[in-house]
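The values are calculated or read from the model by the stated rules, or taken from the named source; none is laboratory data. Bear in mind that the values here come from a model prediction, so they are computed numbers and not experimental data. Cβ placement follows ideal geometry from the backbone for every residue including glycine, while neighbour counts extend to all protein chains displayed.
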Amino acid sequence: MTDPVLTLRDASLSFGPRTLWSHLDLDVAPGEFIAVLGSNGSGKSSLLKAILGQQKLTSGRIDVLGAPGRRGDRRIGYVPQQKLAPDGTPLRARDLVALGLTGHRWGVPLPSAARRREVDTLLAAVGATEYAQVGVSTLSGGEQQRLRIGQALAGDPQLLLCDEPLLSLDLTHQRAVSELIDRQRRERGFGVLFVTHDINPVLDMVDRVLYLADGGFRIGEPDEVLRSEVLSELYGSQVDVIRAHGRVIVVGTTDGVHGHPDDHLAHHDEHDDDAGSGLRGVLP
């Protein structure tokens, strides 16, 4: 397959008078890994919602494999932000992965040897075989996130959308989850849109960066986009990009940029793209 798995043309999204992004043109090639960066409230999660058919564009179009995107498209896999399952959740690890095969169907699925084999294959693919029978709520955040990736792969997607999948994970699990996604996209050939506030865990895996800010965007290879002059132009105020020991730090000023120079030290949860703004760096 050489045609894009995802195409956006002249895509814009606004809430009332506030424009999150506009005139966005984007092609995601099979096997391509694109990191989506930007400040809190810049529209990163809303971009994924629009692709999933959960948020209508203000203008423009979204095509998945050459056809208009739609809600419930099984060709798209989705990995949500990492949230620990509540204590006592009555699911084993394999049950959570199995929902990727049966969760879209009505009723209780009948036992199936073929489905059990498929779940076993998915568990092996994400390195979760050893705790397949363990209750989900007893697993660590990194282990649970592996299961969500397995669940997202169940439909053999051509496009994988990841919404802050490393949030709240320690550095070891961040790296493990990132490498898992990278390995699977190389083996299976699906495109990846990876929303993150910190590019460092995936910096050596990323093909291109989509940076959203103040209603605009920049897209290109990391070294093309993550530069002081590029982000300063995008934000309309001075932004410094610092590289140290193979890591990238983005620092804004309080003059003309919503935020604080120390905002790059803060985490954020972008469930609501309408609420708040502020320059966030890419180092937690």
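See the values below:
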{"item": "Filtered residues of the stretch 1-11 (kept if surrounded by fewer than 18 Cβ atoms within 10 Å (Cβ to Cβ) and either touching a Leu at 6+ places or on another chain (Cβ under 7 Å) or closer than 20 Å to Val192 by Cα (or both))", "result": "Met1, Thr2, Asp3, Arg9"}
{"item": "Leu159 of a type in the set (A, V, I, L, M), under 24 Å from Gly43 (Cβ atoms) and at pLDDT 95 or above", "result": "yes"}
{"item": "Strands (runs of 3 or more DSSP E) contained entirely in the stretch 183-251, each with at least 1 residues that are surrounded by fewer than 19 Cβ atoms within 10 Å (Cβ to Cβ) and modelled with pLDDT of 95 or more", "result": "208-213, 216-220"}
{"item": "Counted residues, the stretch 69-99 - those being surrounded by fewer than 21 Cβ atoms within 10 Å (Cβ to Cβ) and either within 15 Å of Ser140 (Cα to Cα) or basic (Lys, Arg) (or both)", "result": "15"}
{"item": "Tabulated pairs, the stretch 228-247, first touching a residue at least 40 places away in the same chain (Cβ under 8 Å), second among the hydroxyl-bearing types (Ser, Thr, Tyr), C-beta under 7 angstrom, 6+ apart or interchain", "result": "Val239/Ser228; Val239/Ser232"}
{"item": "Residues of the stretch 1-15 classified as outside any loop (DSSP other than H, G, I, E, B) and within 17 Å of the chain's Cα centre (by Cα), total", "result": "3"}
{"item": "Gly150 modelled with pLDDT under 90, crowded, with 21+ Cβ neighbours inside 10 Å and under 24 Å from the mean Cα position of the chain (by Cα)", "result": "no"}
{"item": "Sole residue being under 28 Å from Ile62 (Cβ atoms) and in contact (Cβ under 8 Å) with a residue 24 or more places away in the chain, chosen from Gly155, Gly135, Gly88, Gly142", "result": "Gly155"}
{"item": "Whichever residue in the stretch 124-147 is surrounded by 19 or more Cβ atoms within 10 Å (Cβ to Cβ) and of a type in the set (Val, Ile, Thr) and, among such residues, is nearest to the chain's Cα centre (by Cα)", "result": "Val126"}
{"item": "In the stretch 16-44, residue nearest to Leu203 (Cα to Cα) [restricted to those that are charged (D, E, K, R) and within 17 Å of the chain's Cα centre (by Cα)]", "result": "Glu32"}
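Residue-wise test of (1) at pLDDT below 90; (2) small (Gly, Ala, Ser).
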position: Gly53; (1), (2): no, yes
position: Ser59; (1), (2): no, yes
position: Asp63; (1), (2): no, no
position: Pro80; (1), (2): yes, no
position: Leu84; (1), (2): yes, no
position: Leu91; (1), (2): no, no
position: Gly103; (1), (2): yes, yes
position: Trp106; (1), (2): yes, no
